[in-house]
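The values are calculated or read from the model by the stated rules, or taken from the named source; none is laboratory data. Note that the structure is predicted; figures quoted are calculated from it, not measured. We place every Cβ from the backbone using ideal geometry, glycine too, and count neighbours over all the protein chains shown. Ligands, DNA and RNA are excluded from the accessible area calculation, which covers all protein heavy atoms including side chains. Shrake-Rupley method; radii C 1.70, N 1.55, O 1.52, S 1.80 Å.
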Amino acid sequence: MTARKLLGQMLIEEGLITEQQLRIALEKQRQTGHFLGRILVDLGFVSEKDLKRVLSIQAGVEMIDLKNTVIDRKAIEVFPSALAKTYNVMPVKLEKDTITLAVGDTLSLNIQDDISFILGYKIKMVLADENDIKEAIETHYGKEIETIDDLIKWLAQDVEEMEELEAIASQGEYATITSLEEIASLPPVVKLFDLILLQTVRDNASDVHLEPFEDDFRIRYRVDGVLYDLVHPPKGLAFALFCRFKIMAGMDIAERRLPQDGRIELSVMGRAVDLRVNTVPTVFGECLAIRVLDRGKTIFELENLGLLPEDMEKIEKMIKKPHGIILATGPTGCGKTTTLYAILRKLNTPDVKVITTEDPVEYMLEGAIQVPIKEHIGLTFARCLRSILRQDPDIILVGEVRDFDTAQMAIQASLTGHIVLSTLHTNDAPTTIYRLVDMNVEPFLLASTIEGVIAQRLVRVLCPRCKKEYRPTKQELMQVGLTPEKAEGMKFYKAVGCPFCRGGYKGRTGIFEILTPNEKFWQAIYERRPLGEIREIAVRECGMKTLLEDGLKKIDMGITTIEEVAREVHGY
């Protein structure tokens, strides 16, 4: 089979860009991780129209002029408007069991199987101009923005199946396993399950929560650290949805009195997604939480994490050491693993061997040996690390230091000439050292091995299109420990909101506290000084900048807001 030509090569052959322009775009892609075609358009090297034409040739997909195409009314009738608006696709033609869909870019081709599964039709994709698709959707479906609730109504059209769901849900603990399996396989349930996952991955949500109440059942998802309502399904549909998740996760669907854990691996929108499912019993039924790990996520460059130049310099000095331990610390979901993988990406060259051991493996790193932890069969961090050392690695990533055994093995690995990266759950950088001492690790061993500790939080980034400069009140300044005198000369911005962002914010960045311990710091640890004094020594003697100080700098730079920094470092 002939290999598909690379996009850059095709654009050069078509005479649309030069080799120099391609080199510039590839360098930009290496730094940002964005798609090459989008970078070329943003740099002004190629027009959107020409790029679409070449992409259609590359993908072997027909390109159409949607404005001059007759839209089949039957295709619109079988294709729900919320689905069209959610994925920005336009049904063009219905022939027997096949719907022809116009999509705006070749990445949308990945949703072909998902839409086919939801609708039960075969899907044929054609490429069209994105603006033409939006116009066609508005013309044929109307301008109103529809939500997944509209899809619920569309799914619930089959009255008989909904009545059956309600009847089985009302049986509670007396429902049989056979009946539970049957309702979990009904088309409305399967479709809603798939739609929730599509919406979750599409919006880059980190977790999903299915929460039962006496008179309500809500599904929420977390995007950029904030929970949003996703949908409130009918009770019958919700109960069946629980069964669907539990069956897919390999859990006991008949057991509703005890907490359970499970895991689902599947492909959504062409991306490999790992779901960690947990249930706990409540007074109104089970509450289900799903952690979403998108294995297709781009590994960030160290330069793109939000590190200020002085912090970047500290980390680069740490990672240049031939051995030692570097720890990332903070609460769950604060980006610790992302930071460690950004470091790994910088260190991962052909002349070193990298091995990671994680629970679960969150990112795929080319050239690295990645080992998933399986505690149910006895494969713990400590046991895995012991075996990894026999593999003669240069760099080791341990997902988390949970106990003395893991800490001891990490120290041993460092003392025998390895670079060890790992995480802990503590509130700040100095507390991390005391946490290890509490695990009964000798302070002199820590002093011999720990090169640095990176504490971090994630704050939402202001949308550059709509942020607005303002002067905060005295009460607002007090939230981040400022007085009007200290705030003199600083700039402050607030979130406004526009069609291109979510409530005035778009994406997240890190605020950091980086500790590189010195002799005076370790002396204070040996003497078991109070934590407050240890923090003062870290700031005064080690040059550590606190999370709050880093947050204030990012407020002044117009990156984030007082509210965001206060939320992450409140009471700190």
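Structure data summary
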item	result
Potential extension, E138-E95 segment - 0.36 nm per residue separation minus Cα distance	13.1 nm
By average C-beta atoms within 10 angstrom, highest first, the peptides 442-448, 14-20	442-448, 14-20
Cα gyration tensor, the stretch 358-417 - rounded (a/c under 1.5), prolate or oblate	oblate
Rounded tilt (10° steps) of 547-556 against the dominant C-alpha axis of the chain	60
Efficiency of FRET between D405 and I369 - r from beta-carbon atoms, R0 30 angstrom, step 0.05	0.90
Difference of contour (0.36 nm per residue) and Cα-Cα distance, K353 to Y434	26.0 nm
Relative packing of peptides 424-433, 251-260, 89-98, 339-348 - highest average C-beta neighbours within 10 Å first	424-433, 339-348, 89-98, 251-260
With Cα atoms, 0 to 90° folded angle of helix 531-540 axis to the chain main axis	90
Hits among lysines - C-alpha to C-alpha of K246 under 25 Å, sequence gap 8 or more where chains match	K153, K191, K235, K374
Length-normalised contact order of the stretch 43-100 in % [C-alpha pairs under 8 Å, at least 6 apart]	25
Ranked by how many other beta carbons lie within 10 Å on average, peptides 490-496, 542-548 from highest	542-548, 490-496
Simple label model, 7 Å out from Cα along Cβ direction - R38 to T483, nm	4.6
Global geometry of the stretch 12-56, whether rounded, prolate or oblate, following the gyration tensor of its Cα atoms and the 1.5 cut on a/c	oblate
Rounded if a/c under 1.5, otherwise prolate or oblate - the stretch 304-461, Cα gyration tensor axes	rounded
Y526-D216 FRET efficiency (beta carbon distance; Förster radius 45 Å; 0.05 resolution)	0.20
Cysteines not pairable in the chain (beta carbon separation under 4.7 Å absent)	C243, C287, C334, C384, C542
Under 5 Å, built H, 5+ apart or other chain: amide partners of F213	R218
The stretch 292-429 - accessible surface per residue (Å², probe 1.4 Å)	43
Of all DSSP beta bridges in the chain, antiparallel share, percent nearest 5	65
Crossing angle, helix 19-32 versus the chain [Cα axis fit, 0-90 degrees, rounded to tens]	70
Separation of the V70 and E316 label points, Cα + 7 Å toward Cβ, nm	6.4
Protein accessible area in the chain, 1.4 Å probe - carbon and sulfur %	50
Cα-based Rg of the stretch 281-391 normalised by 2.2 N^0.38 Å, two decimals	1.28
Linear extension gain, M557 paired with F444, 0.36 nm per residue minus alpha-carbon span	36.6 nm
The chain: relative contact order in percent, alpha carbon pairs under 8 Å with at least 6 residues between	9
Summed side-chain charge close to K494 - residues other than K494 whose Cβ falls under 9 Å, Lys, Arg +1, Asp, Glu -1	0
Reduced Cα scattering model of the chain, Debye log10 I(q)/I(0), q = 0.08, 0.10, 0.12 Å⁻¹	-0.68, -1.06, -1.38
